[in-house]
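Below is one structure, written out as C-alpha cells, with a few remarks after it.
The values are calculated or read from the model by the stated rules, or taken from the named source; none is laboratory data. Keep in mind that what you see is a predicted model, and the values were worked out from it rather than measured. Methodologically, a virtual Cβ is constructed for each residue, glycine included, from the backbone with ideal geometry; neighbour enumeration extends over all protein chains shown. Please note that ligands, DNA and RNA were not included when accessible areas were found on the heavy atoms of the full protein model with its side chains. Shrake-Rupley method; radii C 1.70, N 1.55, O 1.52, S 1.80 Å.
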Amino acid sequence: MSVSAAHLGGGEQQQAAAVEPPQKRGVTGYILLLPGALWLTIFFLVPTITLVSTSLYDPAGSVETGYSMTWHWQNYVDGIRDYGVQFGRSLVYALLATVACILLGYPLAYAIAFKSGRWKNLMLVLVIAPFFTSFLVRTLSWQLLLGDNGFLVETLKTLQLLGPDGHLLATPFAVVTGLTYNFLPFMVLPLYASLEKIDPRLVEAGHDLYASPFTAFRKITLPLSMPGLVAGTLLTFIPAAGDYINAELLGTPTTRMIGNEIQDLFGAGAYPVAAALSVTLMAVIVAMVFLYVRRAGTEELV
Amino acid sequence: MSTLAYRGRRWFSDHVVLIYAILVLLYMFTPVFVVILMSFNEPAARQTYQFDAFTWNNWTNICAPFQLCDSVAVSLKVGLLATLVATLLGTLMAFAMVRHRFRGRSAANVFVFLPMASPEIVLGSSLLALFVNAGFAGVLGFWTIFLAHVMFCLSFVVVTVKARLSGLDPRLEQAAMDLYANEWQTFWRVTFPLVFPGILSAALLSFSLSFDDFIITNLNSGQTVTFPMFVWGAAQRGIPPQINVIGTIMFLVALALVLGGELGRRRRQIVR
Amino acid sequence: MAGSDLVLTGVTKRFGAFTAVDDLDLTVPQGSFFALLGPSGCGKTTTLRMVAGLEEPTAGSIRLGADDITTLRPYRRPVNTVFQSYALFPHLTIFENVAFGLRRTGAKKVKPQVEEMLELVELGQYGGRKPTQLSGGQQQRVALARALINRPQVLLLDEPLGALDLKLRRQMQIELKRIQTDVGITFVHVTHDQEEAMTMADTIAVMNSGVIEQMGSPAELYEHPSTTFVSNFLGQSNLVAATVVEKDEDHLLLDVEGSRLVAPLARAAALTGRVWVGVRPEKVFLAHTGSETDDGSNVLRGAVVTDVSFVGVSTQYLARLPWGQELMVFEQNTGARLSFRTGDQVDLHWMPAHTFLLDAAQDATAGVEREVAE
C-alpha cells in the first residue's frame with residue numbers, strides 16, 4: 001500500500017462523475033436524431049437557402065413563367081428603398097413592445113417566483129391560460145376594448161387625458177399594445193424559470209450585508225435572472241418584429257410593419273423582392289440578437 | 001415613526017409587487033372576458049364590433065357562418081396530426097441530445113434553436129419559396145400546412161422534453177438497473193413515466209401553436225382555410241360572433257385539461 | 001474462506017487522466033459489516049459503483065464467491081444498493097418501490113413479502129404513499145427495504161445516512177447494525193464519517209487518493225494507525241518529530257528535543273532514523289511543571305497551556321511545547337484530576353504503551369479534517 005500526501009481538498013459531497021447522466025456512444029444517437037434533423041433540414045434549412053437564392057432572382061419572372069437566377073442584388077436596394085420606413089417602424093414597435101413586456105412581465109414573474117406562496121401553480125396557469133383562446137380572436141377583442149365607443153376611450157376623455165376627437169384604435173399605441181399583449185407570456189415564462197432558481201437566501205444575505213432592497217435587487221436578483229431576461233427579450237422582440245397581425249387589425253395604413261409588406265408582396269407574386277425583405281429582416285434580427293447577447297454577457301440561449 | 005405607520009408601509013412594500021402582478025394578470029385576462037362576453041352578443045350591424053344585446057343563438061348555431069366549422073375541423077386535423085409527428089420526432093431528438101454522444105452536438109443545439117428565433121414571416125416565406133421553386137405552387141393546401149406546422153412545433157418539443165430529461169436524476173435509472181430491471185424495463189418503467197409529463201406538455205404546446213398559427217399557414221395554405229384564416233377573412237368583412245364561441249370553447253377545454261391534470265396530480269398524492 | 005466473499009483484485013478506475021481508484025486489492029468476508037471510509041474524492045464511491053456494476057473497472061477483477069462479476073450488467077448481479085439520497089422512484093408508491101426488484105425477477109407472492117419487509121422497517125401503513133410524502137428518515141428506510149427485500153449477497157450502502165440529522169443518524173446506525181445482524185447479509189458501507197464507520201462496522205478500510213491506507217477492526221485502526229493519514233482521520237493524534245536512538249527486544253528509545261521517550265516495538269510503523277511519535281490526546285495527562293513521575297512515563301516538560309475548552313465530559317487543552325509545537329490533551333472530567341488555566345506551566349505525561357511510531361516521510365497533517373463535518 002502506497003501512501004500519498006494530503007488528501008484531495010474535499011469540498012463537495014461526492015465526485016461529480018457519479019451524478020452526470022450516462023451518455024451512450026454508438027449509432028443509436030444518430031438514428032434517434034435523424035428523422036427530426038431531416039425534417040428541420042428539408043423544411044427549415046433548405047427553405048432558408050431557397051429564400052436567399054430567391055431574393056437574387058430576376059424580379060421580372062412570375063410563378064407561372066418561372067424565375068431565373070441573375071444575382072439581382074438590386075432587389076435588396078429596391079426593397080430597402082421602398083420599405084425602409086416600414087422596416088424602421090417594425091423595429092421601433094417591437095422594441096417598445098419588448099420594453100413594455102419587461103415592465104409588465106418582470107414584476108409578474110418576480111411575484112410568481114417569490115411572493116405567490118401556495119398560489120404559485122395557479123398563477124402560472126393563469127399566465128398561460130389566455131394563450132388558449134385564439135391569438136386572432138383575442139387581438140380582435142382589443143378592437144372592442146380600444147374602440148371609440150369603448151370604456152377605455154370614454155374614461156380617458158372624461159379624465160381629459162385624451163382630446164375630444166382622440167382615438168386609441170388605429171394608432172401606433174394600439175399596435176404596440178396589441179404586440180405587448182400577445183407576446184407577454186413569452187417574456188414571463190423564461191423570466192419565471194430564471195427567477196425561480198434563485199435561492200432567496202442570497203437576497204437575504206445581500207440585506208444582511210447592508211444592501212438596501214433596491215441595491216439587493218440590482219446587484220443580486222437582476223444579474224441572476226439575466227438568462228431569463230435575455231431569453232424573454234429575444235422571444236418577445238423577434239416575433240414582434242415580424243408580426244403583421246396587430247398592425248393590420250389594430251392599426252392603419254400608416255402603421256404598417258415590414259411583415260405586412262412581405263405578406264402582400266408574396267401575395268402579389270413579387271417573390272424576389274419579398275424574399276429580399278425577408279432575408280434583410282432575418283439579417284437585421286440576427287445582428288441585433290448577436291450584439292444584445294454580447295452586451296448582456298450570457299452565452300446561454302433559452 | 002409610529003409602529004402602525006411602519007407596519008402599514010411594511011405591508012405595502014411587501015405586497016406591492018403582488019398587487020401589481022394581479023393587475024397584470026387582469027390585463028392579460030381582459031380580452032378573454034371580452035371574448036366570452038361577445039360570444040353572447042347579438043350584433044346589430046355587421047361592421048361595428050361592440051356588445052349590443054344578449055343571445056344564446058351563437059352557442060346554439062355555432063356552424064351558421066359559412067365555412068366556420070369546416071375551418072375548425074381543418075385546424076383540429078392539422079393540429080392533431082402535426083402534434084403527433086412533432087412530439088414523436090422531437091422526443092426522439094431530445095433523447096439523442098441528452099443521452100447520447102454524437103459529433104456536432106452544439107451545432108445541433110443551434111440548429112434546433114434557430115426556427116424558434118426566426119420571425120414567422122421569414123419561416124413562412126422561406127417555405128413558400130421552397131414550395132414554389134420545387135413546383136408545388138399549385139398543390140399548396142392541407143399537406144403543406146402540415147409540413148410547416150411540424151417544422152415549427154418540433155423545436156418547441158425538443159426544448160421542452162430536453163429540459164425534463166436533463167432534470168431527471170440519473171440515479172433513478174441506476175437504481176432500477178440495480179433492482180434487476182434490464183435496459184428495456186428501465187426505460188419503460190422508470191425513464192418514460194418520469195419524462196412523460198414533459199412529453200405531454202410538449203404535445204399540448206404543439207397543438208396550441210399549430211391551432212393558433214396564422215402567419216406561416218397563410219403563406220402556405222393555398223385554398224385551404226384554417227380557423228385563424230377564417231377569423232382573418234371575417235375580420236375584413238365583419239366578424240360573426242360565433243368565432244368568440246369557438247374562442248371561449250378552446251379556452252374552457254384547455255383550462256379544464258390543465259386544471260384537471262393539476263387536480264388529478266394532487267388527488268393521487270393525497271388519496272393513496 | 002467462505003462461499004461468497006467479495007474479492008476485488010487489482011481494481012483500477014480512471015476518468016480521463018484522473019485515477020479514482022488505483023490498483024485496489026480488497027476482500028470482504030461473507031456476512032461482515034464492512035466500511036469504506038475516506039474523505040470526499042478518495043475513490044470509495046467509485047469502488048462501490050464498480051461493485052454495483054454502475055461503473056466498469058479500467059483494470060482488475062471483481063469476484064463474488066466463485067463468480068467473476070467484473071463486467072456483468074448491474075441487473076444480473078446479486079448485489080443491491082442503497083443510494084445516496086435514496087433515489088426512490090417518485091412516480092411509484094412506497095409499496096411499488098419496494099416491490100420493484102421482486103417484480104423484475106418474477107418472484108411469486110410479492111404482496112406478503114413486501115408487507116413483511118415494510119413491517120421490518122416499521123412502515124407498514126405507508127405502502128400507499130408516494131416517496132415525497134415521507135420524511136427523510138422514512139425514505140431512508142424505504143430505500144433499505146427496497147434493496148434488502150431482494151436478499152442480495154451483498155448490500156451496498158452509499159452514504160446512506162448522510163442526509164439525516166445527527167440524532168436520527170445515531171438512531172439509524174444502531175438500527176442498521178441490528179438489521180445486518182438479523183439478516184446476515186454482507187454490508188459494504190461507504191462513508192466519510194469516521195464515527196459512523198466505527199459505530200457500525202466490523203472491519204474498516206480507510207481509503208485515500210484511490211488506495212487503501214489501512215484496514216482492520218475499529219479498535220485496531222484507532223490503537224495501531226500505520227500512517228499519519230489514518231492517525232489523523234480516525235480520531236485525532238499528536239505527532240511529534242523524533243529520532244530513534246536505541247532499540248532493544250521490545251522497545252525503541254527515542255529523542256525528542258533532548259527528552260527521552262520510549263515506544264513499544266509492536267506499535268512502531270517505522271524503526272530507524274527520523275520518525276513521528278504519536279499519542280492520542282485522551283492518553284496524555286497534564287501535571288504542574290517539575291512534578292515527579294513514578295512509573296517511567298514518557299514526559300515532555302516545560303509546556304504552557306494556551307487554550308482551555310470545557311466540553312462537558314472532558315476538558316480539552318492545548319499545550320505549547322518549548323519548541324513551539326502545540327499538542328492536544330483531553331482530560332476526563334472525573335473530578336479526580338486537577339484543572340489548569342491558560343498560562344499555567346505544565347508537563348505532559350503518557351504511558352509508553354500508548355505511544356506509536358510513524359514514518360517521518362509522511363505528511364503529519366494528512367487526514368486532518370479541514371472543514372467541519374455536518
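Determine the percent antiparallel among the DSSP beta bridges restricted to chain C, to the nearest 5.
Antiparallel bridges make up about 75 percent of those DSSP assigns within chain C.
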Exercise. For the protein assembly as shown, just the Cα set please: Rg and Dmax, both in angstrom.
Key: 36.9, 119
Exercise. Measure nothing but the geometry: give the 0 to 90° angle between the long axis through the Cα atoms of C:166-183 and the longest principal axis through the Cα atoms of chain C, rounded to 10°.
Key: 60 degrees
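Evaluate peptide C:82-94: per residue, the Cβ atoms of other protein chains within 10 Å of its Cβ; return the mean as an integer.
Mean number of neighbouring Cβ atoms from other chains: 5.
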Quiz item: How large is ³J(HN,Hα) for each residue in segment B:239-247, as worked out from phi by the Karplus curve 6.51 cos²θ - 1.76 cosθ + 1.60 (θ = phi - 60°), to whole Hz, x for Gly and Pro?
Solution: 8, x, x, 4, 4, 6, 5, 4, x
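What's the ranking of A:285-295, A:46-56, C:266-276 by average number of surrounding C-beta atoms within 10 Å, highest first? Before the final figure, lay out each step's value.
Numbers: A:285-295: 13.5, A:46-56: 21.0, C:266-276: 16.8.
Ranking the peptides A:285-295, A:46-56, C:266-276 by packing returns A:46-56, C:266-276, A:285-295.
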Quiz item: Residue by residue, what Karplus-based ³J(HN,Hα) values in Hz, rounded to whole numbers, does segment C:133-149 have, using 6.51, -1.76 and 1.60 with θ = phi - 60° and x for Gly and Pro?
Solution: 8, 9, 6, x, x, 5, 4, 4, 6, 5, 4, 5, 4, 4, 7, 5, 4
Exercise. May I have the count of lysine pairs in segment A:104-243 with C-alpha atoms under 25 Å apart, counting pairs 8 or more residues apart or located on different chains?
Key: 4
Practice problem: Once you have the Cα-Cα distance between B:Leu4 and B:Leu80, take 0.36 nm times their residue separation minus that, and quote the gain in nm to one decimal. | Solution: 21.5 nm
Self-check item: Residues with amide H under 5 Å from that of C:Asp23, placed H, sequence gap 5 or more
Solution: C:Thr12, C:Lys13
Quiz item: Going by the alpha-carbon gyration tensor, a ≥ b ≥ c the square roots of its eigenvalues, is segment C:238-359 rounded (a/c under 1.5) or, if a/c is not under 1.5, prolate (a/b greater than b/c) versus oblate?
Solution: prolate
Quiz item: Leaving out same-chain residues fewer than 8 places away, which lysines sit with a Cα under 22 Å from that of A:Lys24?
Solution: B:Lys162, C:Lys13
Exercise. Give me the accessible area buried between chains A and B, both sides summed, with a 1.4 Å probe, in Å² rounded to the nearest 100.
Key: 8000 Å²
Quiz item: What share of all Cα pairs of segment A:53-296, in percent, falls into each consecutive 5 Å distance bin?
Solution: 1, 6, 11, 13, 14, 13, 12, 11, 8, 5, 3, 2, 1, 0, 0
Self-check item: Beta bridges by DSSP in the protein assembly as shown, antiparallel share as percent, to the nearest 5
Solution: 75 percent
Quiz prompt | Within straight-line cross-link reach of C:Lys109, aspartates and glutamates at Cα separation under 13 Å, skipping those fewer than 8 residues along the same chain | solution = none
Quiz item: Given the rule -39500 (n - 2.57) for each run of at least 4 DSSP H residues, summed and divided by the residues of chain A, what is its mean residue ellipticity at 222 nm, to the nearest 500 deg cm²/dmol?
Solution: -20000 deg cm²/dmol
Practice problem: Taking H placed 1.01 Å from N in the peptide plane, check which residues at least 5 places from A:Gln23 or on another chain put their amide H under 5 Å from its amide H. | Solution: none
Self-check item: Highest average packing first - A:125-138, C:320-333, C:53-66, B:149-162, Cβ atoms within 10 Å
Solution: B:149-162, A:125-138, C:53-66, C:320-333
Exercise. Summarise the partner chain shielding of B:244-253 as one whole number: the mean count of Cβ atoms from other chains within 10 Å of each residue's Cβ.
Key: 4
Quiz item: Over chain C, what lengths in whole Å, largest first, do the semi-axes of the equivalent ellipsoid take, defined as the square roots of 5 times the eigenvalues of the alpha-carbon gyration tensor?
Solution: 46, 24, 16
Quiz item: If one takes the accessible area of chain B alone plus chain C alone and subtracts that of the pair, with a 1.4 Å probe, what total in Å², rounded to the nearest 100, results?
Solution: 2300 Å²
Quiz prompt | Accessible area per residue, Å², chain C with all protein chains present, probe 1.4 Å | solution = 42 Å²
Quiz item: Once phi is turned into θ = phi - 60°, what whole-Hz ³J(HN,Hα) does the Karplus curve with 6.51, -1.76 and 1.60 give for every residue of segment B:133-142, x standing for Gly and Pro?
Solution: 5, 7, x, 9, 4, x, 9, 4, x, 3
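Averaged over peptide B:30-38, how many Cβ atoms belonging to another chain are found within 10 Å of each residue's Cβ?
On the way: counts 7, 13, 8, 3, 10, 8, 2, 2, 4.
The shielding value for this peptide is 6.
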Quiz item: Hey, can you rank C:113-125, C:336-348 by average C-beta count inside 10 Å, highest first?
Solution: C:113-125, C:336-348
Exercise. Using Cα positions and a limit of under 13 Å, work out the aspartates and glutamates in reach of C:Lys111, with same-chain residues fewer than 8 apart set aside.
Key: C:Glu96, C:Glu119
Quiz item: In degrees between 0 and 90, to the nearest 10, how far off the longest principal axis of chain C does helix C:110-120 point, with axes built from Cα atoms?
Solution: 30 degrees
Quiz item: Per residue, how much accessible area does segment B:69-239 have with a 1.4 Å probe, in Å²?
Solution: 35 Å²
